[in-house]
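Asker: Pasting a structure here, questions to come.
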Amino acid sequence: MKVLVVDDREDNLYLLESLLGGNGFETDTAREGQEALEKARRTPPGLVISDILMPGMDGFALCREWKKDPILEKIPFVFYTSTYTDPRDEQLALDMGADRFILKPAEPVDFMKVIRDVLAQYEHNNGIPAKKPIEPETVVLKEYNEALVRKLEDKLADIELLNQSLDEKDKRLLHINRVLRGIRAVNQLIVKERDRDTLTPEACRRIVEGSGYDGAWIMLTGPGNERLKFSQAGFEEESFESRTDLFCKDDLPPCCRKSLDAKGLIISPAGSDIHEGCPMISLCGMARSMTAPLTQEGNLYGFLLVLLPRDITADEEEVSLLSEMAGDLAYSLDNISMAEARQRSDATLRATFDSAIDGIILYDPDADRLVRFNRAISKMLGYSPEEMEGLKMENMHPAEDLPGIMEDLKNQISGVTPLAVNIPMKRKDGSIFYADVNSSPLVIDGRLHVLGIFRDVSGIRDLKKKERDAIERLRRALATTIHVLSQILERRDPYTAGHQRRVAALAGEIAREMGFDQERIDGIIMTGQVHDIGKISVPAEILSKPGKISEMELRMIREHPIHGRDILKDVDSPLPLSDIVYQHHERLDGSGYPRGIKGEEILLEARIIAVADVVEAMASHRPYRPSHGIDVALDEIERNRGVLYDEKVVDACVELFRHKGYVLPD
């Protein structure tokens, strides 16, 4: 059925066309009464919906003429107005023969119910009007029509003055300036706010108040099937919450799903079928809206939706500005998530540190005090955790042995000796016990510290047994030191957590595939676990920096094999640990670093670590780029087989992945 819509305002016509079209009606439009009569007489519609106040022939005059026409009088006539709200206006309309009188704005569901009722009544009456207009016109009607004419003239005069004073470009510029003001307010919030539960509702408030949008909401996605979190401004709170409670992560609002498919901001017209079936339709379904996903580095954190003012149509500039605002919010949410990941990482490191069986301390030699300690060392010394705070070396060792112990410590810091055996220790009660101490220098925030690992050896009496056990303890202490140092390095950079562990596992399997014995395989695995230990001397902000690094920062990173060699050069191990770490970035053709050595000059173990390092790095996510995947990594080593990488090592690695089903560990 065709419906003729008569209204002089484009936005009103657009709304009714969208609503009626969405309910299966065909529509035609006219801007005033005379145009409507001419169209209707040429092609009679099934229903007419008319405003009252219009230029030329108004709605009342149109209704009067409509009911005089022997053909048109059988077609239902409905008034839809926001100007004439007095009950007498409604009575006048009905007296003229109108079938219904509806006040703007009406809820879409209620509006369509009235329209269907009118059509059903006409169908029941076989097209005979339910009510004919009063004949003849009364004096009251004549006087009221004269008043309507005056009101129309006054309104037209006001509109003309308003149109003369308001230039459309100025109006648009004013709106864009408000949007910019809202973006600035949100950016000011992003700079200082580190709590997402405060960030999102305050951002919504600033968007609405600063940018002039009718409403805004931010929806955060949660892990698993956790219920989504909504923040909003511009909506009635109770009504909003009653609808958002209907969503879970796998049941996103339709506009959000659409923006995900579009991989960016979308504009939803008023009454669009995008909103079909959405519980939020009564809140924002009859208004134009813009929806954008909040994504950063491939991570989805949620969605932003704003309701456009009724008299504003979004253009490319506004779409770009809102996309920029969504990007800024996503960046802030990403930073908050990264900060939370670092906090969790620190908590894991603290748990690892505290649960170690051996005593561990972090000592500041310049201040001569303990900075950190674990429960095991506190128990060894007999001090409570509160008493351990700020403990000095003189509190841990007998006075007569302290000079020699400090000399041993100096040698360990300088790398002369890695392990001090049978060091006398003093408990709180003055009793003496003995410990083997493995110490390593660490630079934290530009300040030298010493990481010390203590194992109580006071119960060992038999000298030969002591020597055998000392060797075993040395190996275990070395493994513990390597594990703790590896954990400390990896926890400083959440993007590369587990890198050394995965390289070590892959290198061990390559060595096994090449037929190495178990002792040599174990040595290669141990080397892989600390091959990047030199990065402990590189500032943490460079290691975890997203995006491109500077030339100076690259030079600092490329010095990590040198720092690794210096840290490990005196470690007693089955393999030349420090030399392998020193050479693991060298390449067969001499293009590697730090020395640029070639071919057989590079230790075979270093060539194995090099291939495992490249494959793991390319197959894993990095701060400056996403994972390339294992196939790209294998293509890289095959393409450069015999050029950059050892042929036998490459063949063994490819065999593992492509024919033996090897998968990098999580």
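Asker: Check SER355, SER282 and return the single one that is at pLDDT below 85, within 30 Å of VAL443 (Cβ to Cβ), hydroxyl-bearing (Ser, Thr, Tyr) and out of contact with any Gly (no Cβ under 7 Å at 6 or more places or on another chain).
Answerer: Working: SER282 fails: within 30 Å of VAL443 (Cβ to Cβ).
Of the residues listed, the single one that is at pLDDT below 85, within 30 Å of VAL443 (Cβ to Cβ), hydroxyl-bearing (Ser, Thr, Tyr) and out of contact with any Gly (no Cβ under 7 Å at 6 or more places or on another chain) is SER355.
Asker: A follow-up question, please. Within region 579-603, track down each residue that is part of a loop (DSSP other than H, G, I, E, B), surrounded by 20 or more Cβ atoms within 10 Å (Cβ to Cβ) and among the β-branched types (Val, Ile, Thr).
Answerer: Across region 579-603, the qualifying residue is only ILE602.
Asker: Would you point out which residue out of PRO70, PRO55 is in a loop (DSSP other than H, G, I, E, B) and over 54 Å from the mean Cα position of the chain (by Cα)?
Answerer: Selected residue: PRO70, the only one of PRO70, PRO55 that is in a loop (DSSP other than H, G, I, E, B) and over 54 Å from the mean Cα position of the chain (by Cα).
Asker: If I go through region 328-352 residue by residue, how many of them are farther than 19 Å from ALA185 by Cβ and free of Cβ contacts under 8 Å to residues at least 60 places away in the same chain?
Answerer: 8
Asker: Can you tell me which residue is least open to solvent (accessible area, probe 1.4 Å) among those in region 621-653 that are over 26 Å from GLY596 (Cα atoms) and not acidic (Asp, Glu)?
Answerer: Restricting to residues being over 26 Å from GLY596 (Cα atoms) and not acidic (Asp, Glu), the top hit is PRO623.
Asker: When the residues of region 325-355 are filtered to those that are in contact with a strand residue (DSSP E or B) (Cβ under 6 Å, 6 or more places away or on another chain) and of a type in the set (Gly, Ala, Ser), which remaining residue is farthest from ASP195 (Cα to Cα)?
Answerer: So the residue we want is ALA326.
Asker: Right, next: Which one of the conditions (1) within 46 Å of the chain's Cα centre (by Cα); (2) farther than 15 Å from SER50 by Cα; (3) not hydroxyl-bearing (Ser, Thr, Tyr) does ASP86 fail to meet, given that it meets all the rest?
Answerer: The single condition ASP86 does not satisfy is (1).
Asker: Out of the residues in region 12-25 that are in a helix (DSSP H, G or I) and either open to solvent by 60 Å² or more (accessible area, probe 1.4 Å) or at pLDDT below 90 (or both), which is farthest from ARG41 (Cα to Cα)?
Answerer: Taking the candidates together, the pick is GLY22.
Asker: Looking at region 287-330, which of its residues are surrounded by fewer than 16 Cβ atoms within 10 Å (Cβ to Cβ) and within 9 Å of the chain's Cα centre (by Cα)?
Answerer: GLU297, GLY298, ASN299, LEU300
Asker: When you look at VAL450, is it within 17 Å of ARG372 (Cβ to Cβ) and in contact (Cβ under 8 Å) with a residue 12 or more places away in the chain, yes or no?
Answerer: For VAL450, the condition - within 17 Å of ARG372 (Cβ to Cβ) and in contact (Cβ under 8 Å) with a residue 12 or more places away in the chain - is met.
Asker: A further question follows. Only one of (1) modelled with pLDDT under 90; (2) farther than 17 Å from THR480 by Cβ; (3) surrounded by 15 or more Cβ atoms within 10 Å (Cβ to Cβ) fails for PRO424. Which number is that?
Answerer: The one condition PRO424 does not meet is (1).
The values are calculated or read from the model by the stated rules, or taken from the named source; none is laboratory data. It should be emphasised that the depicted structure is a prediction, and the values quoted were computed from it without experimental measurement. Don't worry about glycine lacking a Cβ; one is built from the backbone with ideal geometry, like all the others, and counts go over all protein chains shown. Note: accessible area is taken over every heavy atom of the protein model, side chains too, but ligands, DNA and RNA are not part of it. Shrake-Rupley method; radii C 1.70, N 1.55, O 1.52, S 1.80 Å.
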